[in-house]
1. Past 19 Å, Cα to Cα: identify those pairs from A:LYS56/B:LYS166; A:LYS92/A:LYS171; A:LYS415/B:LYS166; A:LYS171/A:LYS265; A:LYS32/A:LYS167, in the order given.
2. Roughly how big is chain A's charge dipole about its Cα centre, with Cβ charges of +1 (Lys, Arg) and -1 (Asp, Glu), in debye to the nearest 20?
3. Picking from A:SER312, A:SER53, A:SER268, which is most flexible by a Gaussian network model of chain A using Cα springs under 10 Å?
4. Got the relative contact order for chain A handy, in percent, Cα pairs under 8 Å and 6 or more residues apart?
5. When only the heavy atoms of the protein chains count and the probe is 1.4 Å, how do A:LYS143, A:LYS171 rank by accessible area, highest first?
6. For Cα pairs less than 8 Å apart in space and 6+ apart in sequence, what is the mean separation divided by the residue count of the range A:303-417, i.e. the relative contact order in percent?
7. To the nearest whole number, what is the average tally of beta carbon atoms from other chains within 10 Å of the beta carbons of peptide B:215-222?
8. If only Cα atoms are counted, what is the Rg of the protein assembly as shown, and what is its Dmax, in Å?
Amino acid sequence: MLYYLELATGVMVGPAITVGLLAAFIQSRYGKKAGRIYTVGIIAGIVLAAIMSYMKNTTAKIDTSLWNSRIFGVGIIVIAVFAVFCIAGSLKKAPKVMGVIAAAAASALAALLLFHALPDVLAYPYAAFIAEQSTFSTSFLLKLIGDVLGVFLCILCGIAAGRLGSKYGTKPLGVFTFIAVIITAVRFILGILHVAITKRWMASNHTLFTLIKFYTNKRYWFSYALFLLVVVMGIILLVRSLHVNEPYRNPAEHRKIRAKWLSIKRWSVAMMVFCGISIFIMTAVRSYNNRPIEVAPIEPYTKEEDGNIYVSVDLLEDGHLHRFAITSDDGTEIRFIAIKKPNSTSYGVGMDACEICGETGYYEKDGQIVCKLCDVVMNVNTIGYPGGCNPLVVEYSVENGYIVIPVEGLLAYEKEFK
Amino acid sequence: MKMKKLLASAGALALAVSMLAGCSSSSAAPSSSSAAETQATEAVSESVKEDAAITPGGDNAGFTETPIFEGLTAAFMDVNAVYFQPVPMADDVNPDIPAEGYDIHLECDVAANEEGAKLGYGLGDWVPYLTIDYSIVNAETGEVAAEGTFMEMSASDGPHYGQNIKLPESGTYNVTFTIHSPGENNYLIHTDAETGPGGRLSDYFGDGNLTVTYEGWEYTVQDW
């Protein structure tokens, strides 16, 4: 769940804030009709993203890097058009059509931002489904919830950014929006360079590689810059709310002013809270998701009798991976694993080693058994069968509540553990 | 005014739709070539060239191989390395090994060269039954970023040794492949004068495994 929560938040939150700020600016600067043009862009972006997501997951015709370069390329042109017509439109006697063009450019920019960010977010449930092979598994549902929560948080960030922006006058809001658009433009330019170098459309050099390395390793910094922007917007409004001195003519007007500033305070705090949660997800949760692998310790088996190792099935009732070991005469530790198969009364028993990766062993992650060396995820139901990266097979039987494994069978794999 | 609004809306939509429908192909020009250093416990020659990303199967735009190195020689084998998006895989016992959580699919292509005839391989034949370990070390920090053993598999462009791996940080890496003798996987060579190709595996693996190293792979994380 946390993995998908981080993915969805990391991908979507920056575009969501930019789209929210642009919405507030377009509405404030050009009015409701321009706002409708902008809405068309948002809808177009969502529809195109859905189509792209479907194409990416069902055909081999989508080269994501190539599409990104197209999106970034068109995006830079759109940003330039938006900037030019916005500035030109603010001049005296500027024809109204300039505002319409600026609104259309902003609308296209919103479409492009969503078109770029949303396909992956929409596809995560599909990827989770492929991994789980069932829409009814708890693991799939948790992953789906993680993705949905991430999207929900990003929508909240976008709405809060828009509402916060709407509390400002057109000019200061314009400044904030332009900063967000410039951050987006920088990201687009670096994104194009990234694709151009990866696809060898242009020769790389040390400076370019360093730049692209920075861009790819610090992608969240663009979102952090946007967080900083909207948090500053919130702080300014909060400080102003402490010194409200607007004149009023009657109690009704006074109540109206107080309600307005209460709303401003609430949206400012909400924006900060949403940013705080997002930053927590993009840092602490990310760090947790990438934590080092914890291997289950070797446990004592139940008993050894008549040349057999006995492991009580009660030990395996928890459905988790259990690791045991015997020591050969020359001191070699020979490890084996056992697990109760999900939704089954049978057990998976094998060596803590495989034919391909040797004695590297297995660990449990999110209910799955993974080879520590090659990261291949095992199907728990196939443990006990030979092949691939599956644990080396060891003979065993289930008798009177015990897994019974002949010591000889374990010793046969001694050389794997030397 | 209505007309302007309509025009603007149509313009924004047309721009976005044109991106989906209009952009059909891209030009990819080979641009750079760089030297590579190789270290090998056996005969390994230096012969590296970098080409533009390769798209196997023509229309399959989603499957573009990005070269890491090409044409390194390890005894009777030419070794190439490419990477592309992590892919789901399957074998008889694991019906769906997911690509979830990985950053790239690292692929090692091993083809017999002229020397391979001494072991019965045709020129360019894929060499099966190898165990190949990979090690990717951050050239700046010396930390091992990824290591493991390839698995044998087939893609639309044929069989290869490959593995989905996690490599989440862009950087400069040194890549080492350690190639074990196919004899370890019970591969045999005829030794009689009538049907044998003339060589033995021990001619090449007698002193141990073969190692191919490519230093200075400039890797950047990609959006797949």
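The values are calculated or read from the model by the stated rules, or taken from the named source; none is laboratory data. In this text, all values refer to a predicted model and were calculated from it rather than measured experimentally. Because the Cβ atoms are built from the backbone with ideal geometry, glycine has one as well, and the counts that use them run over all protein chains shown. With ligands, DNA and RNA removed, areas are computed over all heavy atoms of the protein, side chains included. Shrake-Rupley method; radii C 1.70, N 1.55, O 1.52, S 1.80 Å.
1. A:LYS56/B:LYS166; A:LYS415/B:LYS166; A:LYS171/A:LYS265
2. 5040
3. Maximum among the listed residues: A:SER312.
4. Dividing the mean separation by the residue count of chain A yields 16 percent.
5. Highest to lowest solvent-accessible surface, that is A:LYS171, A:LYS143.
6. Reported relative contact order: 27 percent.
7. 5
8. 29.7, 112
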